[in-house]
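Scroll down for the structure; my scribbles are underneath it.
The values are calculated or read from the model by the stated rules, or taken from the named source; none is laboratory data. Since the structure is predicted, the reported quantities are computational estimates derived from the model, not experimental observations. Cβ coordinates were reconstructed from backbone atoms using ideal geometry, including for glycine residues, and neighbour counts include every protein chain displayed. Surface accessibility is based on the protein's heavy atoms, side chains included, excluding ligands, DNA and RNA. Shrake-Rupley method; radii C 1.70, N 1.55, O 1.52, S 1.80 Å.
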Amino acid sequence: MVRGVGGGGQQQQPPLLLDVAVLGGGKYAATAEDGTVVIWSSTHGSGTTAGSSAAEAAAVTEPQVLEQPGSVWTIIPLPNGDVATGCQDGTIRIYTLNDDRKANADDIAALADVVAATRTKTSGGPSAEEIAALPKWELAALNQGRSDQQIQMFNKGGIAIAAQWSATSGTWIEVGEVTGTNENAGEIDGVSYDHVFPIEIDAVGGGVRSLKIGYNNGENPFVVAQKFIDDNELPQYHLASG
């Protein structure tokens, strides 16, 4: 897995790769859960000659990065040379180099505005309207969890918090505030995350197993949860459905 390097040379958690495609003509494309589509070209020489290097024999052009307002699940090359993408927002978008088929300037600007608004929302935490729609923390006892260690958001005095269901005690245990800031930032095994939450799971034979789950703004929560389950070899029932 290739890790991206952000500003200041600090290593960042790479986005989850969702699909790749060979576009032909030495071009390739990849899509990711952070809403990006990356297209690049690779031109390979037939071989090296005296005095030439491997770098001169295989040149890779600067990649083109296209942004969408949600995870881009798939990319498909079309017979006419265009590429079609399927986004989490339910929209199929087609990219082309043909001027006759290009979108007009207004449509391109509208997409850029939607992407910018989505990025702001995911980095800014839940809005006041979203927090108001959450179950009230003082009424948490009326909302029983569906499975042990289920994570649920609540409205606690106008603040969004995350809580974990304990089947043993039959109660919700507060984990921490859900924000768009880096107050909960941290590292797990040397990897940086926007948010790190402590998780306690009843261990086989008694006792409690203390773990940590890392989450980056904009990630698919179910993908993160599934990776957490796989990495820690936990039973699949820990992933709540619905």
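Matching residues to (1) closer than 25 Å to Ala32 by Cα; (2) at pLDDT below 75; (3) in contact with a Gly (Cβ under 6 Å, 6 or more places away or on another chain):
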| position | (1), (2), (3) |
| --- | --- |
| Gly124 | yes, yes, yes |
| Ala141 | no, no, no |
| Phe154 | no, no, no |
| Ala160 | no, no, no |
| Ile199 | no, no, no |
| Arg209 | no, no, no |
| Gly214 | yes, no, no |
| Tyr237 | no, yes, no |
Practice problem: For Gly35, work out the one condition from (1) farther than 30 Å from Glu187 by Cα; (2) modelled with pLDDT of 50 or more it doesn't fulfil. | Solution: (1)
Quiz item: Name the pairs whose Cβ atoms lie under 6 Å apart, with the first residue in region 91-107 and more than 20 Å from Trp40 (Cβ to Cβ), the second at pLDDT 90 or above and surrounded by fewer than 10 Cβ atoms within 10 Å (Cβ to Cβ), and 6 or more positions between them or separate chains?
Solution: none
Quiz item: Counting just the residues of region 206-229 that are open to solvent by 90 Å² or more (accessible area, probe 1.4 Å) and free of Cβ contacts under 8 Å to residues at least 12 places away in the same chain, which one comes out farthest from Val178 (Cα to Cα)?
Solution: Arg209
